[in-house]
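I have placed the structure first, in the form of structure tokens, so that the comments after it can refer back to it.
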């Protein structure tokens, strides 16, 4: 075991670690620009808090362990529940709405797949205390903005409204088994399974037509989809879902991100958790969703006074993977070299000059092993450093790497490649 | 940083000429039926499946076909390495892969069944406390017995499963049955059907949304000929 690491975790170093940190940094900066405040919940807490509303599959994926007093703890499998706990128990008297953003790792006991190990990174936001379609639209627009900040040129957001299907289920008055088979057919977009359901389930004409219309309720032509869905409303719940969607779509048009949104009323993965809109961010060349979110009005109430809430979580690894595939560039498997390696002979004037360059934003590495120029040049060549500076009496002399890889002494003022 | 070496994408030209839709087809028994169906649907002309090329494009280069091991098709499609695929319902359910499956196709009919020695006493399967099951379908076999409250000892094999009871390796088998002649030849009888199997069209969840126009076109043309 010595020197090995457990299945499902990874060491990230050099360029890969840098890209990860930089992406999280720029996502958080974007979230802050939209008025979201940082939050850092603990990496583990009471399992009972984290399972407040988790699906059976997420509960099965949680890492649990015993505290020394016998209470059951779990590593956070996502950020939304800890943030809902924080807002519900400790910040319920602070003026609503409240906005939070985060970036960090989460832990799930899953088979490692594309861009997802058992420890993986998420960045996202939660907007708590706002029930309006404007709040939904803000989180959607911010998701689109985050895609651009992450460097994706091509992406799509698939938007659903779980209350339309939830309202339909209620209107159909199905047995639990019948509801399951309808849900399964819709989730897998299976025409034969839907045909089986229609054959085996007695329905009135209006009910049957509403079910038959479901598969057609998706596409980029959002207005058409909503109009068509309107014709099959069987109760106020379904109607309210569409009123909300119209509000969201109007607000999104204002943000100018509507062209990357696809409406899909058959997107019902998270029935039972989300209570309004739900969405997934997708990118071509990446078969898995790179982020997902939605409205969860029932979660904060587990921990304090009920509050409506909406949020999104983006997969940092999947964003990096999608960007790589779109740009065709993959991280170089090398440390990012500094702008120069410096032999200062510990001369105070030399060190002062180095500090001025560093303050100006240049990365300078100091020779600390007392090696001579020849050894330092060889080391620079091996590690991809483009310039070596050596202090001589009054000032620095520079050796720059040439196109053939060798170093040559240069004269004139010292400068650094960007 | 100009000085940071960057590896180029794997051979730029092959990426550019790749057809917009990749379609994974299972090698072997169902390959011909799959191709016949796709020809009938007007999605492709005859393909030289013996070609050494990995991606076989159709005439207008709108769809590229990849011949894959049947068990790999759901994996290719879930990961988005292929957008569309054809595989057996048995393989799809055993894989547990999350994909869309809009259509069942009119070939590859068979069933996944529990079978046992023909002289086995006629008692319900749930009476056995820990039956040993030889199978190529460990996940579906385990699930079938667990639903009946039985903790089966599932022995995963990669072929010739019917030898299990003959050699005393297992009490029962879970395997694909078409005519039942293989079972009979080995002194086995079918006891229960777990799953009615046929070929199924599967679609990557992201491609279903991102390439919806092409994907819906493929679904419609196939639907019209089944």
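Readers should treat all values here as calculations from the given coordinates under stated rules, not as data from a laboratory. Predicted model only: the values in this text are computed from it and were never measured. Don't worry about glycine lacking a Cβ; one is built from the backbone with ideal geometry, like all the others, and counts go over all protein chains shown.
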### Task
Using the number of other C-beta atoms within 10 angstrom as an exposure proxy, rank B:67, A:366, A:147, A:96 with the fewest first.
A:366, A:96, B:67, A:147
### Task
Find how many whole Å separate the alpha carbon centroid of segment A:391-418 from the alpha carbon centroid of segment A:220-267.
62
### Message
Nearest 5 percent is fine: what portion of the DSSP beta bridges confined to chain A is antiparallel?
### Response
80
## Note on the structure
antiparallel share of DSSP beta bridges within segment B:110-197, to nearest 5, in %, is 65
### Query
What's the center-to-center distance, using Cα atoms, between segment B:57-111 and segment A:20-41 in Å?
40
### Summary
Taking only the alpha-carbon positions of chain B as identical scatterers, the Debye log10 I(q)/I(0) at q = 0.12, 0.13, 0.14 Å⁻¹ comes out as -0.73, -0.82, -0.90
### Query
If one takes the longest principal axis of the Cα atoms in chain B, at what angle in degrees, from 0 to 90 and to the nearest 10, does the Cα axis of helix B:212-223 lie?
50
### Query
Taking only Cα atoms, what is the 0 to 90° angle, nearest 10, from helix A:133-149's long axis to the longest principal axis of chain A?
30
### Message
Over chain A, what is the relative contact order in percent, taking alpha-carbon pairs closer than 8 angstrom and at least six residues apart?
### Response
18
### Message
Residue by residue through A:333-344, how many Cβ atoms from other chains fall within 10 Å of the Cβ on average?
### Response
1
### Query
What's the Kirkwood radius of segment B:110-197 in Å, using all Cα pairs?
12.6
### Query
When N is the residue count of segment A:124-185, what does its C-alpha Rg come to as a fraction of 2.2 N^0.38 Å?
1.59
### Cα Rg over Rh - segment B:44-122, Kirkwood
1.12
### Task
May I ask for the Rg/Rh ratio of segment A:138-228, computed from Cα atoms with Rh as the Kirkwood radius, given to two decimals?
1.09
### Task
Write down the percent of antiparallel bridges among all DSSP beta bridges whose residues are both part of chain B, to the nearest 5.
60
### Query
To one decimal place, what orientation-averaged projected area in nm² is obtained for the convex hull of the Cα set of segment A:1-103?
9.6
### Query
With r defined as the distance between the Cβ atoms of residue B:190 and residue B:223 and R0 fixed at 51 Å, what FRET efficiency is calculated, to the nearest 0.05?
0.95
### Task
Please list the equivalent ellipsoid semi-axes of chain A, computed as the square roots of five times the alpha-carbon gyration tensor eigenvalues, in descending order and whole angstrom.
53, 24, 21
### Message
Using only Cα atoms and rounding to the nearest 10 degrees, what angle (0 to 90) does helix A:162-172 make with the longest principal axis of chain A?
### Response
20
### Query
If all Cα-Cα distances of segment A:250-405 are sorted into 10 Å bins from 0 onward, what percent lands in each bin, rounded to whole numbers?
9, 23, 17, 12, 15, 16, 8, 0
### Query
What's the center-to-center distance, using Cα atoms, between segment A:307-328 and segment A:347-379 in Å?
39
### Query
For residue A:13 and residue B:54, what does the FRET efficiency come to when R0 = 45 Å and r is the distance between their Cβ atoms, rounded to the nearest 0.05?
0.85
